[in-house]
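The block underneath contains the structure these notes are about, expressed in structure tokens.
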Amino acid sequence: MKAHYTRPLDLKQGRVDMNHGAGGRATAQLVAELFGRAFDNPWLAQGDDGAVLPAPTADEQLVMACDGHVVSPLFFPGGDIGSLAVHGTVNDLAVMGARPLYLSASFILEEGYPLADLKRIVDSMAAASRAAGVPVVTGDTKVVEQGKGDGVFITTTGVGARPAGRIASGARAAAGDVVLVSGSMGDHGMAILAVRESLAFDSAIQSDSAALHGLVDALYQALPADAVHVLRDPTRGGLATTLNEIARQSGLGMRIDEASIPVHPQVEAACELLGLDPLYLANEGKLIVICAASHADAALAALRDHPLGRQAARIGEVIADDHHFVQLRTPLGGMRMLDWLSGEPLPRIC
Amino acid sequence: MKYVDEFRDGTLARGLGEAIARAADPARDYAFMEFCGGHTHAISRYGVIDLLPSNVRMIHGPGCPVCVLPVGRIDMAIRLAMEQAVTICTYGDCLRVPASDGLSLLKARARLDKSRADIRMVYSAADALALAQREPQREVVFLAIGFETTTPPTALVLQQARALGLKNFSVLCNHVLTPAAIVAILDHPEGKGVRLDGFIGPAHVSTVIGSRPYDFVAEHYRKPVVIAGFEPLDVMQSILMLVSQVNEGRHDIENEFSRAVTRDGNRKAQALVEAVFELRPQYEWRGLGSLPDSALRIRPEFAAWDAEARFGLDYAPVADHKSCECGTILRGEKRPADCKLFGTACTPETPMGSCMVSSEGACAAHFNYGRFRDIAVVAA
Ligand code: SF4
């Protein structure tokens, strides 16, 4: 497709129409002038149906992860669906201990969506991908009729390579292990809710959306690989739900100290207002680390040394418990359960 | 959390817990009922029980609006939506309360033809009124529930609807009265099982009605009442005040929450309620049965905006699930874990009774926050 044969894509006034997904010239033009330019890399430039990638080294294993993004609103303080689509999948790879290598992106666009907004999303996605050093090497675009989508849905798949010895898994939590978090809880969930409920706060709450593989790497630099027992990013359902997943996987319980869990004052205040608990709100740039107690100090120091882990904190311990309950010591000094999120119809947050 | 809150401070709480332990006479037990679901939630959410001596027992009361709403009343709303093509607006918790035929408002919603009828969650009575104004062709019914705190806003929308001459808005009134429920518990014939030494009264109710309506509890039943705020330290302070009253043989109405409660309450709000509502001679509560003068109905002057009058609705009582212990739990005679269905057939995802629905319900609070206490947990 040579650009001078057709009028260039109208990225100011234009809108997505059904032709953009039909697979003909319009699709090719959208891919070339929008996606191709933004993501610009040799694999995408080949223009074939898939990307041909070099094999990882012999002692590494391939890790693959996939994440669909349907966040509403598409733009929120601290990010948008584009950057989130990169961070979501990169983080799935990162918490598997893998070096994220490549991403694919599948866009489902709604007829009538402004191309200018689509460009903002794609540019932001490209910036996030470059910052993370993980190129989008292949993609797909489909268009659905007006009313059948919600502007833009993005599904990303990522491939990473996991160095030998990195075997973190929820099942590896052991009694006596220490539970750490890399920073404040609930920022992403509350940033989205604040936009939706149009809450006015003195200083806006920002999503924590960020790529975590650098932080994970810093952790592995500081600790013997097998001392890191569990790595997780507490996304949907928040810290509470993720801890319960780990408890179930490992068949153990936990005792968490609520007062030691970092939460931004504004998030806390907004939660008060809405009757929510920050421990159930989503995070998109935070890490849960469970490691052997003897390595906890080193792990905490490594997290705090990294820009994404300045507020890292030690929040509790893993205990033997046949019922795998997660117990919380409240700031008041009493105990209660920190249970799974139970069926509240929360808005789409990722 | 890393954000210090003077009402949730651990050191203060420990100090109060120690003061209660010192004050409590080891030779006897104390049983207090926190009437309100808000207090039940605060006690469970903050693990207040752990800070109390073992001879001070807190019993959850019936002050959870969703919990005391009987099946028959939700059936009325469901029938309105399904048969009369009405849009029901109500608070979120109401949607999940189990009703007849395995339905709830939420499940009924999935069966509606949305072009004609709907069931929607609103945050306030005013939201329902606004919907009726915005869509004049839609018949909107606000399913109003709650104790004295939610009554003034409902009264206000009824006045506004009349002033606006709205033709497509009405209220299905289920407002109930706190003092009547306390009488029912103190008088309940089966209530021999529960011995109560005093009550914690909800502060937000008293900011409306004042503390005067509790006088009869002290005078007639000779039980102390302490009106308390909803922070865990408020609750602990009020427990200390109750223990002192019991020890000294007093039965006074005391006010822990001096921040906003007066003896007479908010006269303006009371006048507003008085102008729109009158006492209902009989109203059936879930768990407490049919109680005289225990609820409000809309005055005849507002009949055009009263869903019961407008649609000719009649109330038909419906029995609860036969194994559900909500009734005895709401009266404080049993605890959630005493119910055979607790945690097995009945969970917050699949509630069999209303106490498992709202986070203020005794069963939901115990399931979400306290059920680890039923089982000895092995420490590492
Ligand atoms: S556990 Fe469920 S069924 Fe049993 S009393 Fe509570 S709400 Fe009713």
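Of note:
- Options B:208, B:226; residue that is in contact with a helix residue (DSSP H, G or I) (Cβ under 9 Å, 6 or more places away or on another chain), assigned to a helix (DSSP H, G or I) and touching a residue at least 12 places away in the same chain (Cβ under 8 Å): B:208
- Of everything in segment B:295-319 that is within 16 Å of residue B:68 (Cα to Cα) and out of contact with any helix residue (DSSP H, G or I) (no Cβ under 6 Å at 6 or more places or on another chain), the residue that is farthest from the ligand (Cβ to nearest atom) is B:296.
- Residue ranges of strands (runs of 3 or more DSSP E) in segment A:230-334 with at least 2 members at the interface with chain B (Cβ under 10 Å from one of its Cβ atoms): A:253-257, A:313-319, A:326-329
- Cross-chain or 6+ apart pairs with Cβ under 6 Å, segment B:280-296 first and within 12 Å of residue B:330 (Cβ to Cβ), then among the β-branched types (Val, Ile, Thr): B:285/B:68; B:286/B:68
- Filtered by the rule that a residue be within 14 Å of chain A (Cβ to nearest Cβ) and aromatic (Phe, Trp, Tyr), segment B:22-66 gives a lone residue, B:46.
- Scanning segment A:20-66 for residues that are more than 26 Å from residue A:116 (Cβ to Cβ) and surrounded by 16 or more Cβ atoms within 10 Å (Cβ to Cβ) turns up A:43, A:51, A:56, A:60, A:63, A:65.
- Pairs meeting the criteria (first residue in segment A:139-155 and among the charged types (D, E, K, R), second residue assigned to a strand (DSSP E or B), beta carbons under 6 Å, at least 6 apart or on different chains) are A:140/A:106; A:142/A:108.
- Options B:13, B:110, B:85; residue that is at pLDDT below 95 and away from chain A (no Cβ under 14 Å): B:85
- In the set (1) surrounded by 14 or more Cβ atoms within 10 Å (Cβ to Cβ); (2) over 20 Å from residue B:100 (Cβ atoms), residue B:326 fails one condition alone, (2).
- If the condition is being more than 19 Å from residue B:77 (Cβ to Cβ), surrounded by 24 or more Cβ atoms within 10 Å (Cβ to Cβ) and modelled with pLDDT of 95 or more, then segment B:126-155 contributes only B:155.
- Cross-chain or 6+ apart pairs with Cβ under 9 Å, segment B:108-121 first and without any contact (Cβ under 8 Å) to a residue 12 or more places away in the chain and part of a helix (DSSP H, G or I), then of a type outside the set (A, V, I, L, M) and surrounded by 12 or more Cβ atoms within 10 Å (Cβ to Cβ): none
- Being out of contact with any strand residue (DSSP E or B) (no Cβ under 6 Å at 6 or more places or on another chain), under 29 Å from residue A:147 (Cα atoms) and at pLDDT below 95 is a condition met by no residue of segment A:45-57.
- When the strands (runs of 3 or more DSSP E) confined to segment B:232-317 are screened for residues that are of a type outside the set (Val, Ile, Thr), those reaching at least 3 such residues are found at B:277-285, B:289-298.
- Filtered residues of segment A:300-326 (kept if within 14 Å of residue A:183 (Cβ to Cβ) and of a type outside the set (D, E, K, R)): A:300, A:302, A:303, A:306, A:307, A:308, A:309, A:311, A:312, A:313, A:315
- Leading residue by the ranking (farthest from residue B:232 (Cα to Cα)) among those in segment A:251-280 that are touching a His at 6+ places or on another chain (Cβ under 9 Å) and modelled with pLDDT of 95 or more: A:251
- Listed by first and then second residue, the pairs with beta-carbon distance under 9 Å, at least 6 apart or on different chains, first residue in segment B:322-346 and at pLDDT below 90 and of a type in the set (Phe, Trp, Tyr), second within 7 Å of the ligand (Cβ to nearest atom) and part of a loop (DSSP other than H, G, I, E, B), form an empty list.
- When we screen B:370, B:327 for residues that are away from the ligand (no atom under 11 Å from the Cβ), part of a helix (DSSP H, G or I) and small (Gly, Ala, Ser), the only hit is B:370.
- Applying the set (1) at pLDDT 95 or above; (2) touching a Gly at 6+ places or on another chain (Cβ under 8 Å) to residue B:287 leaves exactly one unmet item: (1).
Conditions (1) modelled with pLDDT of 95 or more; (2) in a strand (DSSP E or B), marked per residue:
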| residue | (1), (2) |
| --- | --- |
| A:101 | yes, yes |
| A:109 | yes, yes |
| A:131 | yes, no |
| A:167 | no, no |
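- Looking only at segment B:156-180, and only at residues there that are small (Gly, Ala, Ser) and surrounded by fewer than 24 Cβ atoms within 10 Å (Cβ to Cβ), the one that is farthest from residue B:122 (Cα to Cα): B:180
- Selected residue (criterion: surrounded by the fewest Cβ atoms within 10 Å (Cβ to Cβ)) from residues of segment A:279-328 that are under 30 Å from residue B:370 (Cα atoms) and acidic (Asp, Glu): A:322
- Residues in segment B:332-356 that are more than 6 Å from the ligand (Cβ to nearest atom), assigned to a loop (DSSP other than H, G, I, E, B) and closer than 20 Å to residue B:58 by Cβ: B:332, B:333, B:334, B:335.
- Residue within segment B:280-294 that is more than 14 Å from every other protein chain (Cβ to nearest Cβ), away from the ligand (no atom under 12 Å from the Cβ), surrounded by 17 or more Cβ atoms within 10 Å (Cβ to Cβ) and of a type in the set (A, V, I, L, M) present: yes
- Inspection of segment B:36-45 identifies no residue that is buried (at least 24 other Cβ atoms within 10 Å of the Cβ), on the phi > 0 side of the Ramachandran plot and modelled with pLDDT of 90 or more.
- Considering only residues in segment A:174-198 that are within 19 Å of the chain's Cα centre (by Cα) and in a strand (DSSP E or B), the one that is nearest to residue A:237 (Cα to Cα) turns out to be A:181.
The values are calculated or read from the model by the stated rules, or taken from the named source; none is laboratory data. Quick caveat, the model's predicted, so the values are computed rather than measured. Neighbour counts are summed over all protein chains in view; Cβ atoms, including those assigned to glycine, are modelled from backbone coordinates with ideal geometry.
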